[in-house]
Each structure stands twice: as C-alpha cells, then as structure tokens.
Amino acid sequence: MDRLQAMEEKGSSLWRDAWIKLSKNYLALFGLGVIALLCIVSLLTPWIAPYGYEEQNLMLGATAPSLEHWLGTDIFGRDMLTRIMYGGRVSLMVGFIATAVALVIGVLWGAIAGFVGGRVDAVMMRIVDIMYALPFMIFIVLLMVVFGRNILLLFLAIGAVEWLTMARIVRSQVMSLRKQEFVEAAYSLGLSQWTIIRRHIIPNTLGPVIVYTTLTIPSVMLLEAFLSFLGLGIQPPESSWGLLINYGVETMEEYPWLLIFPGVTLSLTLFALNFLGDGLRDALDPRTSKD
Amino acid sequence: MALLDVNGLKIYFHTRDGVVKAVDDVSFSVDSGETLAIVGESGSGKSVTCYSLLDLLPKPPAKIEGGTALFDGEDLLSCSLERMQHFRGNDIAIIFQDPMTSLNPFISIGEQLIEPLIYHPDKARRLSREDASKRAVELLDEVGIVDAPARFNCYAHEFSGGMRQRVMIAMALINEPRLLICDEPTTALDVTIQAQILELIKQLQQKRDMAVIFISHDLGVVAGIADNVIVMCEGTVREAADTESVFYRTSDSYTKRLLAAIPEGAKTMANRAEEGQPLIEVSHLKTYFNDYSSPAARAEKRQVKAVDDVSLSIQRGEILGLVGESGSGKSTVGRSIMQLVPITSGSVSFNGTPISGLSSSQLVPWRQRMQMIFQDPYASLNPRMTVYQTLVEPLLYHGLANSNNIEQQVQQLMDDVGLARASMRKYPHEFSGGQRQRIAIGRAIATKPELIIADEPVSALDVTIQAQVLDLILDLVERHNLTMMFISHDLSVVRYISDRVLVMQRGSLIEEGKTETLWANPKEPYTKNLLSAIPLADPKSERERLSS
C-alpha cells in the first residue's frame, strides 16, 4: 500500500493532473470523442465508404438524401457521404499536419527568441517580420511552381506561413516569464538553459498556445479550400471539406444538401476542437479549480 | 454625530467555493479632524470595508448584506449612482497603495490633477482651465513638489515613488474632501520617504480639519498618526479603542500577537561567525547595466552603475545584513555573488576560489554550495509544478538522491521547513504566502548549501507570518550550519537577524559594523537618517518624532 502511494506521488505531474481534470470535463471529452471518431472514420474510409469517390452516375444527377444515398448525391451523381468521408481525410490531414508544423516551429522559435533576447531576438524576429511582409499567396504559388504540385508540400507551405503568429505569441509570453523569480531560482540551482526552457518556460506558455492552436486548425482547413479553389491544392475528383463547401455554395439554391452536410461536418469539427482546446487550457492550468 | 458612522456593515463574497464573509458586522465612526487607523493582516477585510464606502467593490461577487454607513447623515451604501459620483472625489477621496499603477502614464500629472475641477459633475462648481491649473500648481506646491509650475506638465514616470505618492495626495485633495481614505499609502515606499509622507498627511489633515481613515498592516506606521485604532481579523473587529489603549493596555489576544510579532530589539542567537578564511570574499565588485530608459541614454550607451566598487567578506557561520533603500544596488550585490548577473569588473571568491568569470557549466558544482531565497513567494515558484516537483528538481539535478530515497528526502525537507507532508502534491497557488516562502526556503536548502543569500525574504509577508518565517530561517541557519547574507530594506528585521550589517547607498557601501554597535552609534548621516525613520510601535515616541 505504501509502495503504491509512493508510485502515485512520483507520477504526479502537470500532465497527469491535467488528464485527471480533463476526464471530469464532459464538454472537452465530447470534443475529444468527436475528433477521435472523425480520425478513425477517415483512416478507414477506403474500406468502409459505401461508394468510390469518383463513381459517377450522370443519369442520377443531384438527388436529395435517400436510403441508397444517405446524404444525397451531387450533380454528377456522386455519393455525398463518400465524398465527405474522403474529403475529411484531406482536411483533417491538412489541419493537423500544417498546424503541427506551425506549432513546433512557432513555439521553438518564439521561445528561443524570447529567452535569449538581445541580438539573437532581434535577428529572429526580423526574419518573422520579413516572412509576414511576403504576400503568402505568391510564396505558395512559387513553391508550387518550383517543386510541382504535391499534397505534402501544400501542408508544409501552409505550416510555414502559420507559425509566424505562434512565434510572436510565444515570444511575448516568454519575455515576461524569463524575468520571473522562479526562472532566476532555476538558474541559481545550476540548471542549463535548455532545461529551464523545457521545464519552466514552455509549460507556462501552454494556455495561449493551445487556444491559438485550436483556432489555427480550422483556418488552415479553410486556407486549403481557398488554395484548391484557385487550382493550387486538391483537384477534383478528389475532394476536401473546403472544396465541397465551395461547390455547395454555387448550387445552394437548387441543392441545399450539397452545402449543408459538408458545412455541418466542418462546424462540428470546429466545435469539438474548441471544446477540447478550452478543456486542455483549463486542465493544464493548476490554478483553475479542481472540480 | 460623527462625520462618518458605519454600523453593522456586512459584506459577503459569493464565490464558487461558497460564501466568504469578508466583512462581518463592522462598526466604527470618524469625525472631522480625527484619524482612524484600521489595522489587520491580508484578508482581514480592512480594504473591503473602505472600498464599500465608495462603492468600489466588484459586485458580484461582493454583496453588501447589511448595515449602514452614514456620511453626514446620508447612507452611502444605499444611495444612487449619481449621488455616489457626487461623493467620490468631492467629499470622500482615496489614496491607493501603489502610486505607479494609480496614475495614468499617458496623461501629464497636471492634466490629471485638473480633470476633476474642469469636468466637475456640478456645473456651477466647474473651473476654467486657467483657474484649475493655478489651483493645481498651488496644491502640488503644498504637498511638497519642488518647482511645481515646471513639474505640472511632467508624466508619472518622471517622478520617483515618493513624489508620485505626493501627486496622488494632491489629486485626492483637489476638491477639498472632508474624508480622506488612505489604503496602505506608504507600504510601497522606502522608510525615509514613508516618514515624510506620514508627516505630510498629518499636516494636511490638521490644516483642513479632515477626517482620515488610514488602512495599514503595520502597527508601527499608525502609532504616530492615529487617534483611534480598530484591529480587524477575518472580517470582524477584534478591538476598537484609542491608540494608547491599543498599544499599551490591550487585552485582546490577537492584538497582543500582532504587537509581539513586530521584530524588535537585538538578535538573541549567539554570533557563530568563525575566524579564518572567509567563505565569501568580494573585492572591488562593479556591476553596470546598460541604460535603456530613454532613447538618448540608449544612443549614448549610458550605463547605470548598480554596484560600484563594493568589497566585502562573509565569515563562515555569520549572518550578514545588507540594508539600503530601493535602487541602492543591494539586490544586485546578492545576484552578482550568485553569478546571476554578469559582473563588469572585480572578483567574487568562494572559500578562496574565484568563481566570477566561470562558464555556466563550470559553475554547476558551486551552485550546489550557494542558494538564494527570493522576495516574492508568488513569483519565485513555478505555478505549474507541484511542491514535490519543485523540491525534487535540485536533488535530482545535483545527483543528491536516487529513486529509492527521494521520497524520504523530500519529506525530510518538508518537515524541516514546517510544511505538512500531505500537501506534497499541491500546486503553489493552493498555499498562503508564508507557506509558499517555506517551499522556496525548502528548495534553497535542498542541495545542503553552505551559503544562502536571502533577498528580502519576508518583505511580502504579513507581520505575524514574517515573525514565524524569520524564526524558521534562524533555526535552519543553526541546524544546518549555514552562512547567510540577508538583504532587506527593513532595518528592524535586519537588526533582529544579523550579526553584522553593511549599509548601501547608490551602489556603494557607506558604513559597516557589528549590528548593535551600528545601532547605538551610527557614523554616517545617511545611516542616522535611516535609523531614525524606522516607525516604532510606540505612540508616545512616534508622536514626538513626527512633530519634531
């Protein structure tokens, strides 16, 4: 019994406590569940989708939801459920990969700039400013022209644009944190700079970072739709939620279900992400009450 | 009938964790020309009581549950917002603790001063800009701002802390209020400035026959200026009487504890300083910072000489006090010894070995032998690490524990600093200020250091807690055979704890001596000034001092 308690004591950490707190937050759990479900469905789509994504039935045309086609068909007679499932693969992948790229680069860049300060900070932040100043469409078009159209490159390109704001947010947080006495105390314990950044600085920047991340994922998904619309991203017959919505808008008056179903799916994802993000932010802050 | 008559005031805070009775059945009265001091520790409800008079409380969560506050016969607690706006600034004015945050940094002092005059809610009493400015300059002059017409257009950051508080007082007095509420007006100030501000408030009051409510946590501060004192604790009045009865003849146990907690007199523990090789030797230390305060200073690469040619030594086992006012460079000396700031020139030796100029990896073994305790127990602990993680970090990092005995070592540390073992998994915000400082002390002694530099370790604590933490520090020094450098602006505390004292002014050491010798016979005028400015918890001698 004593041994067990000792083990528990040792395991007690921010992340463990955060998980305990998160598991009591039903809204956040709902968000987590929805996202997990979407991810699983996307992974299994090739095996469970009722039709092929490019299976057309021009005779059928656009039909309202029915027993054969639960979410209806589009003007080429393609099954909407199938297209939304395939679209989710692209959208979720763009959302998560591009955001992860932005997250990693942004947090590290901002943390280092803010922590080291001085000239290093000035140079690093001027680079950010220059990147901001580049019109990002031209940047992405250039990348596409030079390296050819490649879905992975698209992820990287979007990520490479989205990290800028993250870096600024993290830097300002870190600058106020590094003056705090607990960081000085860590110095006087002899901890190395990297250990201090990892153990004392980054955990304290998590709140705004998580909130910004949950805001980045949807904006990245919409960015992909925009690029695809311009012919720079995904091309039909492949699909993504953003593209489906774009086409849905065109035929909104005649065939509303072409807009409603992809729209509802995207909104549901965004809600789930926001609930999860807020839950994580609260869970990772020990100062919010435990209940 | 008194000017202000508060009766049965009850203010409850309705929070998620239940109802907190911040103020519970408090009654008092003040008349014109009288000073009432409300004394209590943090959380006693002293500020909440006064803020409710001006309807400055956040509602919700605060709710006034009962009572009346009759100002000139009119109830402040139930009057309309328009009526309250009339009272605010006109009849009742308030001065806050922090003169920096209560002035608008973007508007000149003069503009802020004349604002209530030219936008007076009562149109008949509005003044023209010229008349208002004239009035403001007169008042600035009266509160002791030198060259008031020229300073009229300055901004808040161009004034020192004490000057800013004078401006705040001028602002409070601009409409000639009949009641002035001072919420810890001198807590953020140096001891000599504090004495001047207290004197100023007393003078202005006598001249205008104002009523003053003076809120403070420090009995010494109110001894000289209060006619009556009420002592509050956890929302209730523990004692209400005239000043002399409270100080000399109190029967209340809490008041007695407050009075007993004021550090007074000399150190009771024997001097344990050993002869021979000093543990720390600092010679000709200079620590300069680049001055970025203005674009001109930056362009000229001006430097602030925070520490300018300081030499000192600390014997093994000694407790050395380092005193000085804010900006004297005393903290920078501590940080320079700890190698937390880069030094400009000079050297620091630990036990005969020079440690200044070592790289951060070369310093690691030395870091284990010297540790620091910081002033603010709210800022010096990582809010996202549990007590256990905080205490484990130094032990694991310096390889002083392994996974088998770490649990036991942490428990030992918690026993040492008087924390319950059960609270090991809690986060810093779940502790009070005093307990947090205990955690910080535990972290500092975790590596079994020889030297501890304590930078104002008790300044942020309530007086009863301060006494406990000081005793803990003395106890640990004795048990672990520590050498200590104790940095403080509070001379009474330094006297209570140190064997030897150094006095700093503007980056230089100006006087040094055995604690009691220095107290009895200070040589430098600056030291004399410092010593005579210490407020004593003795109304008779305080009054003499203020009137002289």
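The values are calculated or read from the model by the stated rules, or taken from the named source; none is laboratory data. In this text the structure is predicted, and so the values were computed from the model without any measurement. Neighbour counts are summed over all protein chains in view; Cβ atoms, including those assigned to glycine, are modelled from backbone coordinates with ideal geometry.
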Are any of the residues in region B:400-410 within 25 Å of B:L470 (Cβ to Cβ) and facing chain A (nearest Cβ under 8 Å)? no
Among (1) on the phi > 0 side of the Ramachandran plot; (2) under 27 Å from the mean Cα position of the chain (by Cα); (3) part of a strand (DSSP E or B); (4) not β-branched (V, I, T), which single condition is B:G346 missing? (2)
Looking at B:L509, B:L531, which one is in a strand (DSSP E or B), more than 30 Å from B:V410 (Cβ to Cβ) and aliphatic (A, V, I, L, M)? B:L509
Run A:V146 past the list (1) under 26 Å from the mean Cα position of the chain (by Cα); (2) surrounded by fewer than 21 Cβ atoms within 10 Å (Cβ to Cβ) and report the number of the one that doesn't hold. (1)
Hey, can you tell me all the residues within region B:314-339 that are within 16 Å of B:S459 (Cβ to Cβ), part of a loop (DSSP other than H, G, I, E, B) and of a type in the set (S, T, N, Q)? B:S326, B:S328
Here is a check on your reading of the model: is B:S459 surrounded by fewer than 20 Cβ atoms within 10 Å (Cβ to Cβ), within 14 Å of chain A (Cβ to nearest Cβ) and under 23 Å from the mean Cα position of the chain (by Cα)? yes
Would you mind finding the one in B:D55, B:D75 that is on the phi > 0 side of the Ramachandran plot, free of Cβ contacts under 8 Å to residues at least 60 places away in the same chain and more than 14 Å from every other protein chain (Cβ to nearest Cβ)? B:D55
Being of a type in the set (A, V, I, L, M, F, W, C) and under 26 Å from the mean Cα position of the chain (by Cα) narrows B:L113, B:L9, B:L56 down to just B:L56
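So that you can scan it fast, the table gives a plain yes or no per residue for (1) under 27 Å from B:W519 (Cα atoms); (2) surrounded by fewer than 19 Cβ atoms within 10 Å (Cβ to Cβ):
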residue: B:T287; (1), (2): no, no
residue: B:A299; (1), (2): no, yes
residue: B:D308; (1), (2): yes, yes
residue: B:T332; (1), (2): yes, no
residue: B:R335; (1), (2): yes, no
residue: B:Q339; (1), (2): no, no
Test B:K330 against the stated conditions and say whether it is of a type in the set (K, R) and within 10 Å of chain A (Cβ to nearest Cβ). no
So, first residue in a loop (DSSP other than H, G, I, E, B) in region A:72-94, second residue of a type in the set (D, E, K, R), Cβ within less than 8 Å, six or more apart or across chains; the pairs are A:D74/A:R83; A:R78/A:E54; A:R78/A:E55
Can you pull out every residue in region B:418-427 that is buried (at least 21 other Cβ atoms within 10 Å of the Cβ) and either away from every other protein chain (no Cβ under 11 Å) or under 21 Å from the mean Cα position of the chain (by Cα) (or both)? B:L419
Residues of region B:493-522 satisfying the condition of being surrounded by fewer than 18 Cβ atoms within 10 Å (Cβ to Cβ) and under 22 Å from the mean Cα position of the chain (by Cα): B:R506
Looking only at region A:142-154, decide whether some residue is free of Cβ contacts under 8 Å to residues at least 24 places away in the same chain and either within 12 Å of chain B (Cβ to nearest Cβ) or in contact with a Pro (Cβ under 7 Å, 6 or more places away or on another chain) (or both). no
Close pairs (9 angstrom Cβ cut-off, 6 or more residues apart or separate chains): more than 13 Å from A:W109 (Cβ to Cβ) in region A:196-207, assigned to a helix (DSSP H, G or I) and of a type in the set (S, T, N, Q) anywhere: A:R199/B:Q389; A:I201/A:Q173; A:N204/A:Q173; A:G207/A:Q173
Got a number for residues in region B:382-392 being part of a loop (DSSP other than H, G, I, E, B) and either surrounded by fewer than 16 Cβ atoms within 10 Å (Cβ to Cβ) or more than 9 Å from chain A (Cβ to nearest Cβ) (or both)? 0
I'm checking my understanding of the structure. Among residues of region B:58-86 that are among the hydrophobic types (A, V, I, L, M, F, W, C) and in contact with a strand residue (DSSP E or B) (Cβ under 7 Å, 6 or more places away or on another chain), which one is nearest to B:T187 (Cα to Cα)? B:A62
Out of B:R479, B:R495, B:R545, B:R506, report the one residue that is on the phi > 0 side of the Ramachandran plot and of a type in the set (D, E, K, R). B:R506
Within region A:35-61, residues surrounded by fewer than 11 Cβ atoms within 10 Å (Cβ to Cβ) and modelled with pLDDT of 80 or more come out as A:W47
Scope region A:166-184; condition facing chain B (nearest Cβ under 8 Å) and touching a Leu at 6+ places or on another chain (Cβ under 8 Å); matching residues: A:F182, A:E184
Please enumerate the residues belonging to region B:349-381 that are of a type in the set (V, I, T), more than 9 Å from chain A (Cβ to nearest Cβ) and not in a strand (DSSP E or B). B:I355
Scan region B:261-288 residue by residue and report those that are free of Cβ contacts under 8 Å to residues at least 24 places away in the same chain and either under 23 Å from B:M504 (Cα atoms) or aliphatic (A, V, I, L, M) (or both). B:A270
Restricting to region B:393-417, count the residues that are assigned to a helix (DSSP H, G or I), buried (at least 19 other Cβ atoms within 10 Å of the Cβ) and under 31 Å from the mean Cα position of the chain (by Cα). 4
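Per-residue answers, yes or no, for (1) within 13 Å of another protein chain (Cβ to nearest Cβ); (2) surrounded by fewer than 17 Cβ atoms within 10 Å (Cβ to Cβ); (3) outside any helix (DSSP H, G or I); (4) over 22 Å from the mean Cα position of the chain (by Cα):
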{"position": "A:L191", "(1), (2), (3), (4)": "yes, no, yes, yes"}
{"position": "A:V220", "(1), (2), (3), (4)": "no, no, no, no"}
{"position": "A:E253", "(1), (2), (3), (4)": "no, yes, yes, yes"}
{"position": "A:F261", "(1), (2), (3), (4)": "no, no, no, no"}
{"position": "A:L266", "(1), (2), (3), (4)": "no, no, no, no"}
{"position": "A:L273", "(1), (2), (3), (4)": "no, no, no, no"}
Limited to region B:77-101, what total is found for residues that are over 24 Å from B:A170 (Cα atoms), not in a helix (DSSP H, G or I) and not small (G, A, S)? 2
